[in-house]
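Please read the structure below before turning to the comments.
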Amino acid sequence: MTNQFPQDWNKAVVFVAHPDDVEWGMAPAVSHWTRGGKTIEYVLATSGEAGIEGMSPEECGPLREQEQQRAAAHVGVEVVDFLGFPDSRLRNDETLRDAVAKEIDARRPDVVITCYTGPNYTEEIPNQSDHIEFGNAVHDAVASAEHNPRWVFENGPGSTHCVDVEAEDVQRAVASLAEHKVYLEVLNPDKPAFEQATELVEDLATTDDGLLRVGFILK
Ligand SMILES: [Zn+2]
């Protein structure tokens, strides 16, 4: 049903829309890869400046960038860059596609991973417009870039490929998501960020058969 994610590569660039997008899902795989000596870089379209209710974008953007940098460090990622596009208002237009294509040509990854572009995560949880617009912009940018990555994946439901991870990777991913402390504790003030992160990451990384696994969709 699901194939093993390719292993014969050195560098992946993860293109996501917002701070915390990597941590909601694929961070255990990132930990697994960096422990195995692979290089992973994060490129974020926005700084997530519209993401915390009651906080001005001027205050929120820098705070979320710092949370993202610390989150990345837990799973062995040193390079985190922000493209500065407007949070909640991403459009798959020429400016966005060109910016992504430039990053692909400069970074020359073997693997590109981006946001899920399907309409819904589950029956109850619809996808967000920013994820769909940015994921599609990344696919278009791959097609127009001079450098050709060998594989392009999305991270979301309906996976075609999987990465089997270890408990250590899940723990590092929990620490990674928990760095989005202010964000998580505004979202749910009744539960400390680390507790929220533990539940979310363990739930996402555990299959119905009890395996620790992260799924990706080959595009
Ligand atoms: Zn997001």
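Check whether at least one residue in the stretch 22-36 is within 21 Å of I104 (Cα to Cα), modelled with pLDDT of 95 or more, surrounded by 17 or more Cβ atoms within 10 Å (Cβ to Cβ) and within 12 Å of the ligand (Cβ to nearest atom), and report yes or no. Among the residues of the stretch 22-36, at least one is within 21 Å of I104 (Cα to Cα), modelled with pLDDT of 95 or more, surrounded by 17 or more Cβ atoms within 10 Å (Cβ to Cβ) and within 12 Å of the ligand (Cβ to nearest atom), which makes the answer yes. None of A167, A137, A145, A173 is closer than 21 Å to V80 by Cβ, over 17 Å from the mean Cα position of the chain (by Cα) and aliphatic (A, V, I, L, M) except A145. For the criterion of being within 16 Å of the ligand (Cβ to nearest atom) and either surrounded by fewer than 18 Cβ atoms within 10 Å (Cβ to Cβ) or of a type in the set (K, R) (or both), P62 fails. Checking each residue in the stretch 104-136 for being assigned to a helix (DSSP H, G or I) and within 14 Å of the ligand (Cβ to nearest atom) picks out S129, D130, H131, I132, E133, F134, G135. Of the residues making up the stretch 11-20, at least one is more than 16 Å from the ligand (Cβ to nearest atom) and not charged (D, E, K, R).
The values are calculated or read from the model by the stated rules, or taken from the named source; none is laboratory data. This is a predicted model, so every value here is computed, not measured. Heads up, the Cβs are rebuilt from the backbone with ideal geometry, glycines too, and the neighbour counts pull from every protein chain shown.
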